[in-house]
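So the structure is just underneath, and the comments pick up after that.
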Amino acid sequence: MTGESSLRADIVEVGRRMYARGYTASNDGNISVRLGSDRLLMTPKSVCKGFMTPDMMCITDLDGRKLQGDRDPSSETLMHLEVYRQRPDVQAVVHAHPPTATGFAVAGIPLDRAVLAEVLTTLGSIPLAEYATPSTSELPEAVRKYIKAHDGMLLANHGALTVGGDLYGAYYKMETIEHFAKISLVARLLGRENLLSREEVMRLQDLRGSYGIKAPAPICADDDAQASGEPAVCQVVQAPQGAGSRLVPDILRRAVSPTHSAQTDAEGEIRLTYRELSALIEDAIRSLR
Ligand SMILES: [Zn+2]
């Protein structure tokens, strides 16, 4: 198979998987890949992504003009073009409406909490791009704010967008977003979503290098970065200052407090009552959960 026919076959397969997993209904969603340096291979408009054939794809230039194909390119071509313009490293773009992630997008809730190590190392955070009318130039405008720093984002009241160094890389990020959304939803329904500490998040960021993960921007756990970000320059993650590193100093401060029953001797030894020791152990267990 030539490069082009293999890419056509890959688009068909990714479309089939998206439809089989319920990430798209009816004719929703769209997929594109770079074809050399100046052309794109794009899914056509108004076809179900679960039942495409390789000959259906359109070839366009980087301005979206159709060069080849019996059908017209996707109605979201403008969004794809914007991604390729902003990200020369991106080889493929996937857009779908996976129901749980889209539920978060409808509720206006980004998936930006430090919860799962795998999500932090691959995507960092998944921000929420502002609502824009689909298929208009508003949508690329909304995507532009985050695309330089993110490989995946939610689109308010619409769906999700992922990009990658190849088509399967982009598609797997869509799977990761929907999987993460489901886990986040269950944790919130259970009433508790324990976050990883800022220190742990930074440790995971360091692991990106050893895993060979190429992220477009570093993770930052800083609200200031979020406030100044237009466009975003880092992947803002909500993570508390490490409870683990504060635990002992807090207990020590309490232990030496004059109002407290614990005492220290001249050697710096700390004496705790049984109740204080139990509280210390309970705190430690809580921070491990
Ligand atoms: Zn859509």
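Residue-wise test of (1) charged (D, E, K, R); (2) within 21 Å of Leu139 (Cβ to Cβ); (3) within 15 Å of the ligand (Cβ to nearest atom); (4) in contact with a Gly (Cβ under 7 Å, 6 or more places away or on another chain).
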residue	(1), (2), (3), (4)
Leu7	no, no, no, no
Gly15	no, yes, yes, yes
Asn27	no, yes, yes, no
Ile31	no, yes, yes, yes
Ser46	no, yes, yes, no
Leu81	no, yes, no, yes
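Considering every residue within the stretch 162-174, establish whether at least one is touching a residue at least 12 places away in the same chain (Cβ under 8 Å), surrounded by 20 or more Cβ atoms within 10 Å (Cβ to Cβ) and part of a loop (DSSP other than H, G, I, E, B). The answer is no; no qualifying residue exists.
Yes or no, residue by residue, for (1) in contact with a Phe, Trp or Tyr (Cβ under 9 Å, 6 or more places away or on another chain); (2) within 13 Å of the ligand (Cβ to nearest atom); (3) among the hydroxyl-bearing types (Ser, Thr, Tyr):
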{"residue": "Ala101", "(1), (2), (3)": "yes, yes, no"}
{"residue": "Pro127", "(1), (2), (3)": "yes, no, no"}
{"residue": "Val143", "(1), (2), (3)": "no, yes, no"}
{"residue": "Ile147", "(1), (2), (3)": "no, no, no"}
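Looking at the stretch 54-72, is at least one residue within 16 Å of the ligand (Cβ to nearest atom) and open to solvent by less than 40 Å² (accessible area, probe 1.4 Å)? Checked the stretch 54-72: no residue is within 16 Å of the ligand (Cβ to nearest atom) and open to solvent by less than 40 Å² (accessible area, probe 1.4 Å). Each residue in the stretch 6-62 was checked for being assigned to a strand (DSSP E or B) and at pLDDT below 95, and 0 pass. Here is the figure for the stretch 40-53: residues that are open to solvent by 20 Å² or more (accessible area, probe 1.4 Å) and under 27 Å from the mean Cα position of the chain (by Cα) total 2.
Once the stretch 103-125 is narrowed to residues that are within 15 Å of the ligand (Cβ to nearest atom) and among the small types (Gly, Ala, Ser), the residue that is nearest to Leu161 (Cα to Cα) is Ala105. Of Ile126, Ile183, Ile147, Ile177, all but one fail to be β-branched (Val, Ile, Thr) and open to solvent by 20 Å² or more (accessible area, probe 1.4 Å); the exception is Ile183. In the stretch 129-147, the residues that are under 20 Å from Asp72 (Cα atoms) form Cβ pairs under 6 Å with partners that are open to solvent by less than 50 Å² (accessible area, probe 1.4 Å) and away from the ligand (no atom under 13 Å from the Cβ), at six or more places apart or across chains, as follows: Pro140/Glu82.
Residue pairs whose Cβ atoms lie under 6 Å apart, separated by 6 or more positions or on different chains, with the first residue in the stretch 4-31 and open to solvent by 40 Å² or more (accessible area, probe 1.4 Å) and the second basic (Lys, Arg), are Tyr19/Lys49. Taken over the stretch 79-117, the criterion of being over 19 Å from Ala149 (Cα atoms), open to solvent by 10 Å² or more (accessible area, probe 1.4 Å) and assigned to a helix (DSSP H, G or I) is satisfied by Pro99, Thr100, Thr102, Gly103, Phe104, Val106, Ala107.
Remark: Ser37 falls outside the filter, which requires a residue to be open to solvent by 10 Å² or more (accessible area, probe 1.4 Å), in contact (Cβ under 8 Å) with a residue 40 or more places away in the chain and of a type in the set (S, T, N, Q). Among residues of the stretch 96-112 that are closer than 19 Å to Ser74 by Cβ, those with a beta-carbon under 9 Å from a residue that is within 13 Å of the ligand (Cβ to nearest atom) and open to solvent by 40 Å² or more (accessible area, probe 1.4 Å) at least six positions away or on a different chain give the pairs Ala96/Asp28; His97/Ala25; His97/Asp28; Thr102/Asn157.
The values are calculated or read from the model by the stated rules, or taken from the named source; none is laboratory data. Small disclaimer: the values here were computed from a predicted structure and weren't measured. Glycine also receives a Cβ, built like all others from the backbone with ideal geometry; neighbour counts cover every protein chain displayed. Remember, those area values only see protein heavy atoms, side chains included, never the ligands or the DNA or RNA. Shrake-Rupley method; radii C 1.70, N 1.55, O 1.52, S 1.80 Å.
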